[in-house]
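Visitor: This is the structure I have questions about; it appears just below.
We did not get these values from a lab; they are worked out from the coordinates using the rules stated. All values reported here derive from a predicted model rather than from experimental measurement. Please note: Cβ atoms are built from the backbone with ideal geometry, for glycine as well, and neighbour counts cover all protein chains shown.
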Amino acid sequence: MGFEVSLYVVGDVHGCLDQLQMLMEKINYSSSDQIVFLGDYVGRGPNSLGVLQYLRKLENAVCILGNHDLHLLYDYYVRSEKSRVNSDFLPIFSHPDVSEIMQWVRCLPLTHMARGAFFVHAGLYPGWTAIEAQHLGEEASSLLKGLKFEQYLSQMYGNLPNRWDSQLAGVERFRFVLNVFTRMRYLNGDGLLDFSESQAPINVKDKVPWYEKITNAPVIYFGHWASLEGQVHTDLLHSMDGGCVWGGSLMAMDIESGKRFEVKNA
Ligand SMILES: [Mn+2]
């Protein structure tokens, strides 16, 4: 047993290029290793452009889409009021390579599977197998890459539908899949997606974290939920968002050994 090649997973970077570079040095990443990033490369932190440029050049890296990366796509391709564009994105939009950079972001996957594990920004919907989820992610990705991508992006925002139905179609199906993979934290008492809360579960009474409803899944690595402080680790579940941009840390894990690495944002 054992893999010759190390596979690392890294949580939410949010423009923290310095911590990203320090983390890569800390894990001693080499071109024979592999690495999966769990999304949210941009927004909030000091250097969104630098993070995207760094990741585009990195060998053997899989970069999954997060909700802030979708905000970036929306602001570039759809938003008509330029005054409302997130100012963190302006250095990207004025860079000479902007169209290549944005094309790269648009083609990133929503989910990834490797070595029997499932990687996603926010979570896996209870009731979906990892294989089903992977197919739904590929379906939504193909719309983001397709000819009508601006039409889909323009209608991606919203909290409904909040219950899965395999008969969902078109933009409703697209929105639900995107919401699960990039925004989900809680389900309410009726099992519906509930986006009204981002605090840690200890402070929340009437909702259940999505991962407590998972019954039959592979090991899941996820980011997005900074208030978990990267502290949820079980045999089957690893929260990797250490809240770097909020003064926490950027976290990585070697998935074979389970060894964790972090760089504090002091
Ligand atoms: Mn996020």
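Visitor: Restrict the search to the range 168-266; then list the trypsin sites (Lys or Arg not before Pro) that DSSP places in a loop and that have at most 12 other Cβ atoms within 10 Å of their Cβ.
Guide: Lys205, Lys259
Visitor: Among residues other than Pro201 whose Cβ falls under 14 Å from its Cβ, what is the net charge (Lys/Arg +1, Asp/Glu -1)?
Guide: Surrounding charge for Pro201 is -1.
Visitor: Right, something else. Pairs of alpha-carbon atoms within less than 8 angstrom and 6+ residues apart define the contacts here; what relative contact order does the range 147-266 have, in percent?
Guide: 14 percent
Visitor: Report the chymotrypsin sites (Phe, Trp or Tyr not before Pro) located in the range 187-266 that are in a DSSP loop and have at most 16 other Cβ atoms inside 10 Å of their Cβ, or state none.
Guide: In loop regions of the range 187-266 (DSSP not H, G, I, E or B), the sparsely surrounded chymotrypsin sites (Phe, Trp or Tyr not before Pro) are Phe195.
Visitor: If you don't mind, there's one more thing I want to ask. From the backbone phi of the range 57-73, what are the Karplus-calculated ³J(HN,Hα) couplings (6.51 cos²θ - 1.76 cosθ + 1.60, θ = phi - 60°) in whole Hz, Gly and Pro given as x?
Guide: 8, 6, 7, 6, 10, 10, 10, 8, 7, x, 4, 6, 5, 5, 4, 4, 4
Visitor: A follow-up question, please. For the range 2-46 and the range 107-167, what is the separation of their Cα centres, given in Å?
Guide: Using only Cα atoms to place each centre, the spacing works out to 22 Å.
Visitor: Between Glu197 and Met22, what is the label-to-label distance in nm when each label sits 7 Å out along the Cα-to-Cβ direction?
Guide: Modelled inter-label distance: 3.4 nm.
Visitor: Can you compute the FRET efficiency between Leu147 and Leu90 using 1/(1 + (r/R0)^6), with r the Cβ-Cβ distance and R0 = 30 Å? Round to the nearest 0.05.
Guide: So, using R0 = 30 Å, E works out to roughly 0.60.
Visitor: In the neighborhood of Gln155, defined by Cβ-to-Cβ distances under 14 Å, what is the net charge if each Lys or Arg adds +1 and each Asp or Glu adds -1?
Guide: Once all neighbours under 14 Å are counted, the net charge is +2.
Visitor: Give the relative contact order (percent, whole number) for the chain; include only Cα pairs under 8 Å separated by 6+ residues.
Guide: Rounded, it is 23 percent for the chain.
Visitor: How would you classify the range 1-147 from its alpha-carbon gyration tensor, with a ≥ b ≥ c the square roots of the eigenvalues: rounded for a/c under 1.5, else prolate if a/b is greater than b/c, otherwise oblate?
Guide: Oblate is the answer for the range 1-147, as a/c is 1.5 or above yet b/c matches or exceeds a/b.
Visitor: By the gyration tensor of its Cα atoms, with a ≥ b ≥ c the square roots of the eigenvalues, what is the shape of the range 136-266: rounded for a/c under 1.5, prolate for a/b over b/c, or oblate?
Guide: prolate
Visitor: I'd like the Karplus ³J(HN,Hα) series for the range 184-201: coefficients 6.51, -1.76, 1.60, θ = phi - 60°, whole numbers in Hz, and an x wherever there's a Gly or Pro.
Guide: Each residue's phi maps through the Karplus curve to give 4, 10, 10, 10, 7, x, 8, x, 8, 4, 10, 9, 7, 9, 10, 5, 5, x Hz.
Visitor: Hey, got a sec? Which chymotrypsin sites (Phe, Trp or Tyr not before Pro) in the range 1-92 land in a DSSP loop and have at most 15 other Cβ atoms within 10 Å?
Guide: The qualifying sites are Phe3.
Visitor: Give me Val10, Val85 ranked fewest to most by other Cβ atoms within 10 Å of their Cβ, as a rough exposure proxy.
Guide: Listed from fewest to most nearby Cβ atoms, that is Val85, Val10.
Visitor: For Phe118, which sequence-distant residues (separation of 5 or more, or a different chain) have an amide H within less than 5 Å of its own amide H, given hydrogens modelled in the peptide plane?
Guide: Distant-sequence amide H within range of Phe118: Val219, Ile220, Tyr221.
Visitor: May I ask you to evaluate 6.51 cos²θ - 1.76 cosθ + 1.60, the Karplus curve with θ = phi - 60°, for each residue of the range 5-12 and list the ³J(HN,Hα) values in order in whole Hz, giving x for glycine and proline?
Guide: 9, 6, 10, 10, 10, 10, x, 5
Visitor: Here's a follow-up. What does the helix-only formula give at 222 nm for the chain: each DSSP H stretch with n ≥ 4 adding -39500 (n - 2.57), the total divided by the residues, and the result rounded to the nearest 500 deg cm²/dmol?
Guide: Taken over the chain, the calculation gives -8500 deg cm²/dmol.
Visitor: Additional query: Please state, as a whole number in µm²/s, the translational diffusion coefficient that the Stokes-Einstein equation yields for the chain at 20 °C and 1.002 mPa s, with Rh defined as the Kirkwood radius across alpha carbon pairs.
Guide: D = 115 µm²/s.
Visitor: Which entries of Lys205/Lys264; Lys57/Lys264; Lys145/Lys205; Lys57/Lys145 have Cα-Cα distances beyond 28 Å here?
Guide: Checking Cα-Cα distances, Lys205/Lys264; Lys145/Lys205 exceed 28 Å.
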